Amino acid sequence: MCCRVSPQHKTRIVEALKARGHVVAMTGDGVNDAPALKRANIGVAMGITGTDVAKQTADMVLTDDNFASIVAAIEQGRIIYSNIRKFVYFLLACNIGEILIVFGAMLVGWPLPLRPVQLLWLNLVSDGAPALALGLEKGDPDIMKHPPRSPREPVINRDMAIGIGVVGIVDALAILTVFYLAMQRYPDQLVAAQTIAFVSLCTSELIRAFTARSEYHSVFSIGVFSNRWMVWAVGVSFLLVLMVVYVPFFRPFFDTVPLTADDWLLMLPFFFASPIAMEMLKVYFRRRVATQKDTGQTPLMVTPVANLAQQRETFASDSPRFTGGNAMSKVLIPIDGSENSLQAVRHVVARIFGNPLMEVHLLHVCTPFSMHVAQHSSRGSREASHREMAEQALQPARDMLNQHRVPYAAHIELGGDTAEAIDRVAQRLHVDEIVMGTSRRNSLTRLLVDSVTNHVLEIAHVPVELIAGAEVSKFEKYGVPAAVGTVLAALLVAAAD
């Protein structure tokens, strides 16, 4: 627990935790929290009491300022990720099993146990509906007790890969065995043997869909029928399988024959081969976790030594040297999309490296449409057009600040006189200074155009720092003098004549 933490110390705490391989969430409401919110993996700002800078810097905003909402969001995120894993687990195990069945039959010189149309039916109908129902699971009861998952851990981790392999092999052995027994029972009827293999695989995968609802908990502990969507999905899929076998209209399309009661008795033990294998894997995983807890070997997120050293070097090089005593200052940067305004942003970024206690505000002033245009357009379309143009102008500055991980707030102002709008926003935000990029003194634009910069210098109520913009273009440097000289030469020649 850290008390009386200054803004720079918050940033260093966040970086230190990230260097140790942790996923850091930072909560804050004030402008002093903005640098730490920006550097954290997940910045959380308060929606009611939070400042605009904190809200725009954070990745998530709590609209009710209730920390219980963070816990609920984490729980929901874990449930979604867990359901994605179950979906992938179930479908990959089904597909690997089907591949091994076909490959195994070809390896021993048997006919194909499954026809192509039957495999297509398996993937689209029998497997699809239960897999979608897995995405509607409520999550394991102890999902919030699981240790944090390493961000480097893939979706298909070691446990899932073992499960996919074991279930696929068990499925292949069971279906090849029942197919062999069916060929012995119907030596001259390959279609009957293929129908038995097809129904056995379909029913086995539908039963296993119930066990796939949790990777570590038994299906009986979470409730066999607690997910009503799974019950409906399995029930409808099984009815479709029976329809393919027993409805005469569909038999020619799927090359099936009706099965007898003896055939169902033959298939019955093989229905539960892969579900039992999956439940046994769960028992093994639970015992392994229990053993690790008893011996104190709880899995932790570990950062490789090389990466840890690299992160420490990066932190040491990127972190500014804090001397203490600096007060938070507010800076307003007018942005018009030109290279001159970007030069002002670069200047502020360089200053932040020396003094991180700086609050940056970007401002783009939109010029109102003419009365003629306003009469023939709705207010919503005008606002959308202004916002689109403002975002285009602000985007380069946003990219630059995001690249250097500088927190900022962006503002869009609608005003006829740009300089007055800049001064008005500066007073409303109580900024300490305005930093503007301006054309160079020998620029043709600066000489011929009534510069907004000059007007801001005249009316601003806060100090204004001017940053020299881009170099004079070649056209202004060589083309304009050449054109003027040509005109003068032509006038002299005409006067001489």
Exclusive hit being surrounded by fewer than 16 Cβ atoms within 10 Å (Cβ to Cβ) and not basic (Lys, Arg), set 75, 15: 75
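Say whether the condition of being at positive phi and at pLDDT below 90 is met by at least one residue in region 382-401. Even if it seems obvious, please write down each step before you answer.
Applying the first criterion (at positive phi) to region 382-401 yields none.
No; the residues of region 382-401 include none that is at positive phi and at pLDDT below 90.
Sort out which residues of region 186-206 are more than 17 Å from residue 127 (Cβ to Cβ) and either among the aliphatic types (A, V, I, L, M) or not assigned by TED's automatic domain parsing to the domain that holds residue 91 (or both), and write them in order of number.
Quick first cut of region 186-206, residues more than 17 Å from residue 127 (Cβ to Cβ) only: 186-196.
Passing the criteria: 190, 191, 192, 193, 196.
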Quick one: in region 430-456, of everything that is of a type in the set (Asp, Glu) and modelled with pLDDT of 85 or more, which residue is farthest from residue 51 (Cα to Cα)? 433
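State all residues of region 126-150 that are in a loop (DSSP other than H, G, I, E, B) and either of a type in the set (D, E, K, R) or under 21 Å from residue 204 (Cβ atoms) (or both); if no residue qualifies, say none.
First, pick out the residues of region 126-150 that are in a loop (DSSP other than H, G, I, E, B): 127, 135-142, 146-150.
Across region 126-150, the qualifying residues are 127, 137, 138, 140, 142, 149.
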Could you grab me the full set of residues in region 248-266 that are surrounded by 12 or more Cβ atoms within 10 Å (Cβ to Cβ) and without any contact (Cβ under 8 Å) to a residue 40 or more places away in the chain? 250, 251, 258, 264
Selection over region 1-33 where residues are under 22 Å from the mean Cα position of the chain (by Cα), part of a loop (DSSP other than H, G, I, E, B) and not aliphatic (A, V, I, L, M) yields a count of 2
Yes or no: residue 79 more than 29 Å from residue 35 (Cβ to Cβ) and not assigned by TED's automatic domain parsing to the domain that holds residue 274? yes
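Kindly indicate which of 36, 93, 72 is of a type outside the set (Ser, Thr, Tyr), in a helix (DSSP H, G or I) and under 30 Å from residue 193 (Cβ atoms). Can you show your working first?
On the way: 36 fails: under 30 Å from residue 193 (Cβ atoms); 72 fails: under 30 Å from residue 193 (Cβ atoms).
It is 93.
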Those residues of region 16-28 which are at pLDDT 85 or above and touching a helix residue (DSSP H, G or I) at 6+ places or on another chain (Cβ under 6 Å) amount to 24, 26, 28
So residue 183 clears everything in (1) of a type outside the set (Asp, Glu); (2) under 20 Å from residue 123 (Cβ atoms); (3) touching a Pro at 6+ places or on another chain (Cβ under 9 Å) except one condition, right? Which one? (2)
Residue 427 vs. criteria more than 17 Å from residue 465 (Cα to Cα), at pLDDT 80 or above and either polar (S, T, N, Q) or surrounded by 15 or more Cβ atoms within 10 Å (Cβ to Cβ) (or both): no
Being modelled with pLDDT of 90 or more, of a type in the set (Val, Ile, Thr), within 30 Å of residue 177 (Cα to Cα) and surrounded by fewer than 17 Cβ atoms within 10 Å (Cβ to Cβ), is that true of even one residue in region 107-123? yes
When you go through 261, 306 one by one, which is the residue that is within 32 Å of the chain's Cα centre (by Cα) and either at pLDDT 90 or above or outside the structural domain of residue 18 (by TED's automatic domain parsing) (or both)? 306
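Filter region 39-69 down to the residues that are in a loop (DSSP other than H, G, I, E, B) and not hydroxyl-bearing (Ser, Thr, Tyr) and list them by number. Give the steps one after another, and end with the answer.
Within region 39-69, the subset in a loop (DSSP other than H, G, I, E, B) is 40-41, 47-51, 58-59, 63-67.
Correct list: 40, 41, 47, 48, 50, 58, 59, 64, 65, 66, 67.
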Restricting attention to region 80-97, which residues are of a type outside the set (D, E, K, R) and in contact with an Asp or Glu (Cβ under 9 Å, 6 or more places away or on another chain)? 82, 83, 89, 90, 91, 93, 94, 95, 96, 97
Take residue 404 and tell me if it is touching a Leu at 6+ places or on another chain (Cβ under 7 Å) and either in contact (Cβ under 8 Å) with a residue 12 or more places away in the chain or not small (Gly, Ala, Ser) (or both). no
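The values are calculated or read from the model by the stated rules, or taken from the named source; none is laboratory data. Just so we're clear, the structure is a prediction, and the values are computed from it rather than from any experiment. Note that we place each Cβ from the backbone using ideal geometry, even for glycine, and neighbour counts take in every protein chain shown.
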